[in-house]
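Reviewing the structure listed below.
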Amino acid sequence: MRSATPEGGGLTSAAQTHRLNTQGHPIGVKLLDLLLYREPARTQTRPLTIIALLHFIKIGVWTHLFGRAADGLEKSSDPAKPDEYMIIDNEPLVNRYVSVPREMSQLNCAAFVAGIVEGVCDGSGFPARVTAHTVGRQDEGEMWPGRTVFLVKFAPEVMEREGFLGKG
């Protein structure tokens with residue numbers, strides 16, 4: 001295993017972020033099965049729409065992982081990007097107790113959670129690419145300096161299927 005050091009050939013923060021995302025994916029797939037298995041038999045159904053899936057992630061998955069629901073769920077306001085949704089966490093637990101070296105300041109440890117969310121989406125039959133982005137600023141005195149947005153970008157076939165379901 002290589003370490004990220006400034007003087008010699010270490011992994012970049014982009015590579016580390018991808019690695020964290022990849023490690024979270026199988027956990028998300030298994031977590032989906034676990035959470036659905038624990039549901040009462042009458043309500044034990046997989047989400048069938050994008051909104052139902054994102055609501056399940058915002059409340060069910062977040063509560064199971066962090067003991068509380070995510071702080072927000074938004075659809076992209078850009079009409080050119082109808083396939084993008086955002087799950088907002090004002091203070092991700094995975095970033096709270098991690099000390100990131102200065103040379104890796106672009107590394108967001110919430111990429112691990114993004115991988116879990118991506119695994120839940122893929123396991124539900126909604127292939128998506130999920131990335132974590134820090135939007136808070138430490139130096140500007142914001143209320144939530146560690147605010148992280150999980151950008152969920154669904155595959156084109158998911159949007160096509162959603163269009164068929166919406167018309168039916």
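The values are calculated or read from the model by the stated rules, or taken from the named source; none is laboratory data. Just so you know, these numbers come straight off a predicted model, no measurement behind them. FYI the Cβ positions are ideal-geometry reconstructions off the backbone, even for glycines, and counts take in every protein chain you see.
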Name the one entry in ILE27, ILE87, ILE59, ILE116 that is outside any helix (DSSP H, G or I) and either closer than 26 Å to GLU160 by Cα or within 15 Å of the chain's Cα centre (by Cα) (or both). ILE87
Test ILE59 against the criterion of being in contact with an Asp or Glu (Cβ under 7 Å, 6 or more places away or on another chain), at pLDDT 85 or above and not small (Gly, Ala, Ser), and give yes or no. no
How many residues, within region 34-90, are of a type in the set (S, T, N, Q) and touching a strand residue (DSSP E or B) at 6+ places or on another chain (Cβ under 9 Å)? 2
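For (1) within 24 Å of ARG147 (Cβ to Cβ); (2) touching a Phe, Trp or Tyr at 6+ places or on another chain (Cβ under 7 Å); (3) exposed (fewer than 12 other Cβ atoms within 10 Å of the Cβ), each residue gets a yes or a no:
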{"site": "HIS25", "(1), (2), (3)": "yes, no, no"}
{"site": "GLY28", "(1), (2), (3)": "yes, no, no"}
{"site": "ARG46", "(1), (2), (3)": "no, no, no"}
{"site": "ILE51", "(1), (2), (3)": "yes, no, no"}
{"site": "THR63", "(1), (2), (3)": "yes, no, no"}
{"site": "GLY67", "(1), (2), (3)": "yes, no, yes"}
{"site": "SER77", "(1), (2), (3)": "yes, no, yes"}
{"site": "TYR85", "(1), (2), (3)": "yes, no, no"}
Quick one: in region 30-56, of everything that is outside any loop (DSSP other than H, G, I, E, B) and basic (Lys, Arg), which residue is nearest to ALA155 (Cα to Cα)? LYS30
In the set ASP122, ASP139, the lone residue that is over 10 Å from the mean Cα position of the chain (by Cα) and at pLDDT 95 or above is ASP122
Selection from region 61-90 of residues that are among the polar types (S, T, N, Q) and either under 23 Å from LEU36 (Cα atoms) or in contact with a Leu (Cβ under 7 Å, 6 or more places away or on another chain) (or both): THR63
